[in-house]
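The values are calculated or read from the model by the stated rules, or taken from the named source; none is laboratory data. From a predicted model like this one, the values you see are computed outputs, not experimental measurements. The accessibility values were calculated without ligands, DNA or RNA, using every heavy atom of the protein model including side chains. Shrake-Rupley method; radii C 1.70, N 1.55, O 1.52, S 1.80 Å.
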Amino acid sequence: RNAQSAENRAMTLQLDPPELGRVEIQMHFTKDKSVKAHMIFEKPETMMMLQRDAQALERALQEIGLDAGGNDLSFE
């Protein structure tokens with residue numbers, strides 16, 4: 001919903017699954033429905049797991065109408 005009404009706005013989500021450590025996701029949306037996501041991980045193994053599944057994450061974003069192709073997902 002935020003992406004549909006956002007114009008150059010950012011949204012920050014913080015997830016806290018105990019076994020995966022803390023994960024912070026900052027998503028920046030533009031009016032042309034593209035999204036850039038920057039993810040910060042507490043545990044390196046969690047980062048590597050999500051990097052391996054980056055294509056699935058991009059497809060999930062595309063399925064809801066957002067374009068996250070190319071280098072629009074960053075992992076730290």
Could you sort 31, 43 by their accessible area in this structure, using a 1.4 Å probe and putting the largest first?
31, 43
Rounded, prolate or oblate: which fits region 17-76 when a ≥ b ≥ c are the square roots of the eigenvalues of the alpha-carbon gyration tensor, with rounded for a/c under 1.5 and prolate only if a/b beats b/c?
prolate
Residue-ordered couplings for region 34-40, obtained by feeding phi - 60° into the Karplus form 6.51 cos²θ - 1.76 cosθ + 1.60 and rounding to whole Hz (Gly and Pro as x), are 9, 9, 10, 10, 10, 10, 10
With θ taken as phi - 60° and the coefficients 6.51, -1.76 and 1.60, list the Karplus ³J(HN,Hα) couplings across region 58-69 in order, rounded to whole Hz; mark glycine and proline as x.
4, 4, 4, 5, 5, 5, 9, x, 10, 9, 10, x
